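Each reported figure results from applying straightforward, stated rules to the coordinates on display, with no laboratory input. Everything numeric in this text was worked out from a predicted model, so none of it was measured. A quick note on method: Cβ atoms are made from the backbone with ideal geometry, for glycine too, and the neighbour counts reach across all protein chains shown.
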Amino acid sequence: MRCVRPSSNRIFFFLLCFLPASLQSDRQRPPAMSWERKDVKIFGTDELAEGLAKHTAALSHKFAHHRRAFTVVLSGGYLIEKLRKLVEPPYVHEIDWSKWHIFWVDERVVKKTDPDSNYKLALDGFLSLVPIPANQIYSINDEVDAKQAAEDYEAKLKELVAHGVVEISPETNFPRFDLMLLGMGPDGHLASLFPHHPLLHERKKWVTFLEDSPKPPPVRITFTFPVIDASAYIFMVVAGSGEVDAVAKAIQGNASGDELLPVQRVRLENGEFTWFLDTLAASKLRSF
């Protein structure tokens, strides 16, 4: 394990785990599982949003330069508040928002105006403050039941793949999003993929649904692991003390099989997984 602390004010660590020295560079990195290499960035509580904005803007510039779209997947929770620096100078003026296409890794099957809606949370706290074209924001159909909403969302993704907006993984033929901005629950869940739930093992559908979420509201749709695994980049954003035990277990635990947290089940085909933590969330990590 190698840990490097830069000399800036920001508390930042770059952590490489389990790889031999010959593979410890971005250019040499093989298309391996994300858990063979862990990138962990730790910031002061007030600096997390700035660090997240800086790295998100850099990816936006990269993808906007090389292709006509930058496909971004959001989750709910406090992630949206952590995106606040993107709507401020300099980022709000530097980013080409016309290239952004917004999706949700999961959504509660409620009306878009419902306080439980991830769409409403993102709209109020982020999307209404930046000039992303409205027809490039893909919310769920809130006029149908969960099964139909999941099917409709998957159909929309396939349409966007056909039109070249969303890329497709050549390895698995699942959609490959440029960036997933995700959060994690105290039980280690991501999206609406919860510990010991049957949907952890769904490998055919792109989008599915559940009506028994252990976290209310119970009825939701969610991306499946093959879609998450196909991502080019995942930024996992965790702040505060609520998920501190899950963070320590996910990054430094040695669980296997059914005892793996959902977040530990991510196996990127050919992408980069980075933890964005504040000091509270990282407080139980060893060797820091």
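Table for the structure above
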item	result
Cβ-defined net charge surrounding Phe103, 11 Å radius [Lys, Arg +1; Asp, Glu -1]	-2
Environment charge of Lys112, counting only residues whose C-beta is closer than 13 Å and scoring Lys/Arg +1, Asp/Glu -1	-3
The range 75-184 shape via C-alpha gyration tensor axes, a/c threshold 1.5	oblate
Mean Cβ neighbour count within 10 Å, used as a protection proxy, ranking 68-74, 156-162 highest first	68-74, 156-162
Per-peptide average of other Cβ atoms within 10 Å, ordering 265-277, 204-216, 220-232, 124-136 highest first	220-232, 265-277, 204-216, 124-136
The range 70-118, Rg to Rh (Cα coordinates; Rh as Kirkwood inverse mean 1/r)	1.02
Mean ellipticity per residue at 222 nm, deg cm²/dmol - from DSSP H runs of n ≥ 4 across the chain, formula -39500 (n - 2.57)	-6500 deg cm²/dmol
Antiparallel bridge percentage (DSSP; both residues within the range 136-288; nearest 5)	40 percent
Burial ordering of Ser192, Ser283, Ser169, fewest other beta-carbon atoms within 10 Å first	Ser283, Ser169, Ser192
Environment charge at Val244 (Cβ cut-off 12 Å; Lys +1, Arg +1, Asp -1, Glu -1)	-1
Debye log10 I(q)/I(0) at q = 0.09, 0.14, 0.16 Å⁻¹ for the chain, Cα point scatterers	-0.40, -1.05, -1.44
Relative contact order of the range 143-213, defined on C-alpha pairs under 8 angstrom at six or more residues apart (%)	33 percent
For the chain: relative contact order, % (alpha-carbon pairs under 8 angstrom, 6 or more apart)	22 percent
Beta bridge orientation in the chain: antiparallel %, DSSP, nearest 5	35 percent
Relative contact order (%) - criterion: Cα under 8 Å, at least six apart; region: the range 149-279	29 percent
